[in-house]
Amino acid sequence: MSDSLYLAWRYMRHHKLKTAILIGSVTLILYLPLALQVLVDRATEQLSARARSTPLIVGARGSAVELALSTLYFESRSPAPIRMAEVERIRATGLAAPIPMHVRFRVRNQRIVGTTLDYFDFRGLRVGRGRPLAKLGECVLGAAAAAALQAGPGDRVNSSSEALFDLAGVYPLRMRVVGVLERTHGPDDEAVFVDIKTAWIIEGLGHGHQDLASVGAEGRVLERKDGRIVANASVVQYTEITAENEDSFHFHGDRSGFPLTAILALPPDDKSKTLLLGRYLGRDETSQVLEPVAVMEELVGTVARVRSWVIAAVVLVTLATALTMVLVFWLSLRLRRRELETMARIGCSRRTVASLVVCEIAVVFAFSVVLAGALTGVTSLYGPSLIRGLIL
Amino acid sequence: MIRIEDLDFSYGRDGFRLTVPKLEVAAGEKVAWIGPSGSGKTTLLNLTAGIVSPDHGRIVVSGEELSALGDARRRDFRVRRIGMVFQEFELLDYLDVLDNILLPYRINDSLTLGPEVIERARALAEGVEIGDKLHRDVQKLSRGEQQRVALCRAVLTGPDVILADEPTGNLDPSNKERVLDILFRYADEHEATLVMVTHDRDLLPRFERVLDFDELCTPAPAPAQEARA
């Protein structure tokens, strides 16, 4: 057998291109269904785990899937806003601890997640480098976001403008990176976390500018009436919150009316959870509360159905490729007929002829299995975030 | 020694038919088989090697009655006791010179490849002046060198009988002589029987005996599709 293996190996080394094509084909045949299985399993596992760890989400009425995806994975379109007053309403019931969430803006491709420090405790997020959020205008990066933005503690990142030509719209805020979170292999890795008030400043609900009450600012003031100052366009608005100008930052309007995209509601027990669910059943209720597990199970069920179809397609492709491979091996044997006849004339045993062919196939499969295994391993490590992006 | 008696062989019912009433080649004898194309020289060589079996008659080679052996035993016998040399050399292009010489030891379990065999292969290659090309690609050798590799492969097992099917047919005159020298030297040193099919009458004086197939046997007319020497 070792001689047959040796001869098969030499033959394959001599015909490198043919061997590479064969190994590539078999590797793909093995890899595709395996990778699909692993990807979908890992992704659904992650999707479900994230949903299971989040008891309730409160948000505006509308698509439950959009609300869940936006709040859990910072994906999908931003749902319609609810008011900050909803946080106080939940807190007042004593049925759950509310964590406000504002997921609307981005730093390049990374989502800006405005929230409170309670979110970090709830998700068990730990700062790997730097420190946690402490001041307005600061941000903490998820591990993947830090890599994508090539930023770390001490660097600055800009929020993206929402509308380039909308002069009255949202302007970029230059934020200080104060920390980078440890990797969690979840959606938090991709996010840029800011305090909820910083998110509102990005939204234009708060701002900082030159002190108009100070001496020397008279030239910029158009009108002073009842403690209200109207200034002209020469007043400088700050695009970065620094130690020098942080005191000038302020919000206009009632904060209870400020927008959130969702609220994570963390009830202490099932009874509180059930009671809170009941509070949102009213017909005139403008908000909804949902259990992420139920929403994600429905979504995962859809993914599983899609997977079945994809696997069926892969099986057909595998069958077609396997038949092609049989043809390739058969043609290869025909090409080698003279060589095999020569061996037979010298005195080659029938068993050796068979084992030569078997060894060649075995070597191709052995390489393919190793390659497919390695690729599946890599896919298992890096694929779930990819497929999560595709699913979401 | 080769002894053939009452041999009858045909390719199918209406195909080529070869009949040899009696043929003997003594041990250590060097015999040339000549005859026109289609007279059955290669067929008789294949019968003598046990590659094909006769319909009738006896073939005895080195004391073993090949016609009575099964296919597996004939293959084992052939790889150990018969050296085959071909007109087209039939080297494997994916093996280097040394591996081509060692091929018989890699394709039949009745032979065991060990260091002494490899040493013998090296010595044979040295003897035919290709010792410095052992790890060279056989396709990069000249035709004369390729045939010398094939000769080394044929004699590596120390066979009693060498059956050569027009081994000089594709060689220039100097290489023809060289190949014959090697074959004759091996036969002399090992008292081996040498049977060579040839069309080249210039080579015949070197043989102890020449068998003309026109006199030896009575083949039926060969169909056009059958290719025989």
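The values are calculated or read from the model by the stated rules, or taken from the named source; none is laboratory data. Values in this document were obtained by computation on a predicted structure and should not be read as measured data. Ideal geometry is used to build each Cβ from the backbone, glycine not excepted, and the neighbour counts take in all protein chains shown.
Values for this structure:
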read-out	value
Filtered residues of region A:306-331 (kept if within 30 Å of the chain's Cα centre (by Cα) and either loosely packed, with under 10 Cβ neighbours inside 10 Å or small (Gly, Ala, Ser) (or both))	A:Ser308, A:Trp309, A:Ala312, A:Ala313
The one condition in (1) over 19 Å from B:Val79 (Cα atoms); (2) within 12 Å of another protein chain (Cβ to nearest Cβ); (3) surrounded by fewer than 18 Cβ atoms within 10 Å (Cβ to Cβ) that B:Leu113 fails to fulfil	(1)
Identity of the residue in region A:88-135, in contact with a Lys or Arg (Cβ under 7 Å, 6 or more places away or on another chain) and crowded, with 18+ Cβ neighbours inside 10 Å, that ends up farthest from A:Lys273 (Cα to Cα)	A:Ile112
Residues being at the interface with chain B (Cβ under 10 Å from one of its Cβ atoms) and either in a helix (DSSP H, G or I) or basic (Lys, Arg) (or both) - total across region A:9-33	6
Test: residue in region A:277-288 that is part of a helix (DSSP H, G or I) and surrounded by 15 or more Cβ atoms within 10 Å (Cβ to Cβ)	yes
Evaluation of B:Glu64 against (1) more than 16 Å from the chain's Cα centre (by Cα); (2) buried (at least 17 other Cβ atoms within 10 Å of the Cβ) (one fails), failing number	(2)
So A:Ser308, is it among the hydroxyl-bearing types (Ser, Thr, Tyr), modelled with pLDDT of 90 or more and not in a loop (DSSP other than H, G, I, E, B)	no
Helices (runs of 4 or more DSSP H) fully within region B:133-228 counting 1 or more residues that are modelled with pLDDT of 90 or more, touching a Leu at 6+ places or on another chain (Cβ under 8 Å) and of a type in the set (Gly, Ala, Ser)	B:143-155, B:173-190
Region B:49-59 - residue that is crowded, with 20+ Cβ neighbours inside 10 Å, in contact with a strand residue (DSSP E or B) (Cβ under 8 Å, 6 or more places away or on another chain) and hydrophobic (A, V, I, L, M, F, W, C) and, of those, farthest from B:Arg78 (Cα to Cα)	B:Ile59
Residue ID - farthest from the other protein chains (Cβ to nearest Cβ), chosen from residues in region A:303-360 that are among the basic types (Lys, Arg) and within 19 Å of A:His15 (Cα to Cα)	A:Arg334
Whichever residue in region B:1-48 is of a type in the set (Lys, Arg) and part of a strand (DSSP E or B) and, among such residues, is surrounded by the fewest Cβ atoms within 10 Å (Cβ to Cβ)	B:Lys22
Only one of A:Ala35, A:Ala20 that is free of Cβ contacts under 8 Å to residues at least 60 places away in the same chain and among the small types (Gly, Ala, Ser)	A:Ala20
Test: residue in region B:153-166 that is over 22 Å from A:Glu341 (Cβ atoms) and out of contact with any Pro (no Cβ under 7 Å at 6 or more places or on another chain)	yes
Some residue of region A:65-81 being more than 14 Å from every other protein chain (Cβ to nearest Cβ), free of Cβ contacts under 8 Å to residues at least 12 places away in the same chain, more than 30 Å from A:Met175 (Cα to Cα) and of a type outside the set (Gly, Ala, Ser)	no
Selection from region A:116-150 of residues that are part of a helix (DSSP H, G or I) and in contact with a helix residue (DSSP H, G or I) (Cβ under 7 Å, 6 or more places away or on another chain)	A:Arg123, A:Ala143, A:Ala144, A:Ala145
Unique residue being over 28 Å from B:Val179 (Cα atoms) and within 13 Å of chain A (Cβ to nearest Cβ) when the list is B:Asp76, B:Asp71, B:Asp55, B:Asp96	B:Asp71
Condition check for A:Gly347: in contact with a strand residue (DSSP E or B) (Cβ under 8 Å, 6 or more places away or on another chain), among the small types (Gly, Ala, Ser) and not assigned by TED's automatic domain parsing to the domain that holds A:Gly186	yes
Check on A:Val113, in contact (Cβ under 8 Å) with a residue 12 or more places away in the chain and either within 14 Å of another protein chain (Cβ to nearest Cβ) or in contact with a His (Cβ under 8 Å, 6 or more places away or on another chain) (or both)	yes
Residue, farthest from the other protein chains (Cβ to nearest Cβ), within region B:81-90, restricted to residues that are buried (at least 17 other Cβ atoms within 10 Å of the Cβ) and of a type outside the set (Gly, Ala, Ser)	B:Gln87
Condition met for A:Glu66 (surrounded by fewer than 23 Cβ atoms within 10 Å (Cβ to Cβ), within 25 Å of A:Leu47 (Cα to Cα), modelled with pLDDT under 90 and out of contact with any helix residue (DSSP H, G or I) (no Cβ under 8 Å at 6 or more places or on another chain))	yes
